[in-house]
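The values are calculated or read from the model by the stated rules, or taken from the named source; none is laboratory data. As the structure is a computational prediction, the values presented were derived from the model and not from experiment. Positions of Cβ are backbone-derived with ideal geometry, glycine not excepted, and every protein chain shown enters the neighbour counts. The area values use the complete protein model at the heavy-atom level, side chains included, leaving out ligands, DNA and RNA. Shrake-Rupley method; radii C 1.70, N 1.55, O 1.52, S 1.80 Å.
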Amino acid sequence: MIKMRLIALVLLISGSFGQVFAQITTQEIDRLVERAMDTFQVAGVAVGLVQNGKIIHAKGYGVQSVKTLEPVSEQTQFAIASNTKAFTTAALALLVEEGKITWTDRVKDHLPEFTMYNNYVTENFNVQDLLTHRSGLGLGAGDLMFIPGGSDFTIEDILTSFQYFKPVSAFRTQYDYDNLLYMVAGELIARVSGMSWEAFINQRILNPLDMDHSFASLEDITDTKDLSEPHREEDGALRTLTHHRERINGAAGGIYATVNDLCQWMLVQLNEGRYGKDLEQHLFSEENQRQMWKIHTTLNAPRSPRFTSHFSGYGLGWNLLDMNGQLLVHHGGFITGMHSFTLLIPELEVGLVVLTNTDPGGSALHGALVNTVLDKYLKLEEIDWIERTAEGYDQGQSAEDSVMTRVWERVEAANDAHISAENYIGMYKDNWFGTVEVAEKEGQLWFTSHRSPQLNGPMRYYQANTFAIHWEYQDMNADAFAMFYLDENGQAQSIRMKGISPNIDFSFDFQDLELKRVENSASVPEEN
């Protein structure tokens, strides 16, 4: 998800800040976006820019869908993925201000079934720990419970799943991005407020800010005429994908929003929680904004001879860093076929949001556009970021293609390798992911996940005791290796897995699975 995918924004920036900033014109944004769309093969884009309390630019480009060719407008709805996290932290801030929780409340006091990987962490895990990616768990731990969509995992499964993960660092010592804990935060909001996370976001945040075309859930969108479709570029052509549907709650990445509405969201952030005519109303207090824009988990500050940076880290739903004395507040988001990026420069009262509906080029597009706009506003040395980003993008795509080609060529070459299928056939179970089945179907081994039905597909022999799985789900590049471990009689006893692509999204955390044989299995019935 919810991906989401964070952009290493600061690593692209060069130059030094001036004392006076210039305004980029609508015409310049138009030219940039149109060129970037062509370069990175993106179907649709929406861009919003605010400055000094006003919307300077809110506009759509391209199409909502290559099937319908409906144009993108400032009212087109995009999945904003992990940019949702800032809405979840704002919702918690409202509950703090109402005295219903504190930021340091223990999670187990509100969610008694919440269980972490040891007693100390369970007893001391607080609300802020849900939001700051410092749990000790690894990157994207457990995301396979909701990615790809269609699984039957519940919030109860998530609340008790963390006890089965092996930590990769000591509690509160290291940053590793996490989605599941934001879903726990969403459940905490629901239990404390008495309404679902979705209802709370709609009623307490979107409605007061007049974000009338934005919704906390895809299911809330009854009129889909302005709904953008996700796309994926393959072999030079764009195809539409199926929307990712949240089944548990959307606290990690479920919001669908328009660029026009997100301009209102950026303005309330830049106005320290104030909104309305003459800013007479408060969504949240300045004190709580300081909590959200305070570094809770430190990261290494970027180093470059071209600029000075003293700090970098994660707040509550926001990434934070300084460059030559200016604070940058930002976050990225990615879910199937959709990318988003939000950047705020509070002291200049500037905010930028970019929404795209195509993977993988959407991420490259907003990286290039954000850096170009920063050059303009911060008087940086101007660089052709579209050209520079394209170079890195092409190299990354080429490297991925090379790896995938080599793997499947080896699979084809090993096609006649003799294997004893009966040694691998069986049921295997992981403590948090549940049961998977390896069976024989249509003359070949077949992998089926019982709880995540989109994770199924043929297993092709690769080498040694390793097979390559080509999922029937192909909306994201997530094919995986399955490595069997055999006993002294040659019968498989367990499976470990990992993604094949070097660019696989971290939410496909196959490496966290420990699948152990529980029984043998009959063949899967052949389809008619």
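Select, from 209, 267, the only residue that is hydrophobic (A, V, I, L, M, F, W, C), closer than 20 Å to residue 47 by Cβ and not in a helix (DSSP H, G or I).
209
How many residues, within the stretch 96-115, are in contact (Cβ under 8 Å) with a residue 40 or more places away in the chain and either of a type in the set (Ser, Thr, Tyr) or not in a helix (DSSP H, G or I) (or both)?
7
Counting just the residues of the stretch 406-452 that are part of a loop (DSSP other than H, G, I, E, B) and at pLDDT 95 or above, which one comes out most open to solvent (accessible area, probe 1.4 Å)?
Start the filter on the stretch 406-452 by keeping residues that are part of a loop (DSSP other than H, G, I, E, B), which leaves 414-420, 424-425, 431-433, 442-443, 450-452.
Narrowing the set further to residues that are at pLDDT 95 or above leaves 424-425, 431-433, 450-452.
Working: 424: 16, 425: 22, 431: 115, 432: 14, 433: 4, 450: 92, 451: 60, 452: 0 Å².
Top of the filtered list is 431.
Give me the residue from the stretch 356-377 that is outside any helix (DSSP H, G or I) and open to solvent by less than 10 Å² (accessible area, probe 1.4 Å) and, out of that set, farthest from residue 63 (Cα to Cα).
Once the filter is applied, the top-ranked residue is 359.
Are any of the residues in the stretch 92-115 small (Gly, Ala, Ser), closer than 27 Å to residue 509 by Cβ, open to solvent by less than 40 Å² (accessible area, probe 1.4 Å) and out of contact with any strand residue (DSSP E or B) (no Cβ under 9 Å at 6 or more places or on another chain)?
no
Restricting attention to the stretch 477-493, and to residues there that are at pLDDT 95 or above and open to solvent by less than 30 Å² (accessible area, probe 1.4 Å), which single residue is nearest to residue 247 (Cα to Cα)?
Applying the filter and picking the extreme gives 478.
If you go through the stretch 386-416, how many residues are of a type in the set (D, E, K, R) and over 26 Å from the mean Cα position of the chain (by Cα)?
Looking only at that region, the number is 5.
Looking only at residues in the stretch 502-516 that are part of a loop (DSSP other than H, G, I, E, B) and among the aliphatic types (A, V, I, L, M), which one is surrounded by the fewest Cβ atoms within 10 Å (Cβ to Cβ)?
Start the filter on the stretch 502-516 by keeping residues that are part of a loop (DSSP other than H, G, I, E, B), which leaves 502-509, 513-514.
Now drop any that are not among the aliphatic types (A, V, I, L, M), which leaves 504, 513.
Numbers: 504: 18, 513: 21.
Ranking the qualifying residues of the stretch 502-516, first place goes to 504.
Taking strands (runs of 3 or more DSSP E) that do not extend beyond the stretch 282-342, which have at least 1 residues that are under 17 Å from residue 179 (Cβ atoms) and polar (S, T, N, Q)?
297-299, 319-323
Under 7 Å by Cβ, and 6 or more places apart or on different chains, what pairs join a residue from the stretch 189-213 that is at positive phi with one that is open to solvent by 30 Å² or more (accessible area, probe 1.4 Å) and outside any loop (DSSP other than H, G, I, E, B)?
Partner pairs satisfying both residue conditions: 210/264.
Among the listed residues 414, 399, 421, which satisfies the condition of being in contact (Cβ under 8 Å) with a residue 24 or more places away in the chain, in contact with a Phe, Trp or Tyr (Cβ under 8 Å, 6 or more places away or on another chain) and among the small types (Gly, Ala, Ser)?
Being in contact (Cβ under 8 Å) with a residue 24 or more places away in the chain, in contact with a Phe, Trp or Tyr (Cβ under 8 Å, 6 or more places away or on another chain) and among the small types (Gly, Ala, Ser) holds for just one of 414, 399, 421, which is 414.
Taking the stretch 307-354 as the region of interest, how many residues are closer than 18 Å to residue 294 by Cβ and among the small types (Gly, Ala, Ser)?
6
One residue is enough: does the stretch 168-184 have a residue meeting the conditions at pLDDT 95 or above, part of a loop (DSSP other than H, G, I, E, B), under 15 Å from residue 433 (Cβ atoms) and open to solvent by 50 Å² or more (accessible area, probe 1.4 Å)?
Scanning the stretch 168-184 turns up no residue that is at pLDDT 95 or above, part of a loop (DSSP other than H, G, I, E, B), under 15 Å from residue 433 (Cβ atoms) and open to solvent by 50 Å² or more (accessible area, probe 1.4 Å).
Being among the basic types (Lys, Arg) and open to solvent by 40 Å² or more (accessible area, probe 1.4 Å) is the filter; apply it to the stretch 231-252 and report the residue that is nearest to residue 337 (Cα to Cα). If you could, list the steps in order and put the result at the bottom.
Just the residues of the stretch 231-252 that are among the basic types (Lys, Arg), to begin with: 232, 239, 245, 247.
Now restrict to residues that are open to solvent by 40 Å² or more (accessible area, probe 1.4 Å): 239, 245, 247.
Details: 239: 10, 245: 13, 247: 18 Å.
Only one residue fits best here, namely 239.
In the stretch 57-90, what count of residues is obtained for those that are in a loop (DSSP other than H, G, I, E, B) and more than 14 Å from the chain's Cα centre (by Cα)?
Looking only at the stretch 57-90, we keep the residues that are in a loop (DSSP other than H, G, I, E, B), and these are 64-70, 72-76, 80.
Those still in the list that are more than 14 Å from the chain's Cα centre (by Cα) too: 64-70, 72-76.
Qualifying residue count for the region: 12.
Can you name the residue in the stretch 456-471 that is part of a loop (DSSP other than H, G, I, E, B) and over 16 Å from residue 501 (Cα atoms) and, of all such residues, is least open to solvent (accessible area, probe 1.4 Å)?
Among residues in the stretch 456-471 that are part of a loop (DSSP other than H, G, I, E, B) and over 16 Å from residue 501 (Cα atoms), the one least open to solvent (accessible area, probe 1.4 Å) is 465.
Considering every residue within the stretch 124-132, establish whether at least one is more than 30 Å from residue 211 (Cβ to Cβ), open to solvent by less than 10 Å² (accessible area, probe 1.4 Å) and part of a loop (DSSP other than H, G, I, E, B).
Yes, some residue in the stretch 124-132 is more than 30 Å from residue 211 (Cβ to Cβ), open to solvent by less than 10 Å² (accessible area, probe 1.4 Å) and part of a loop (DSSP other than H, G, I, E, B).
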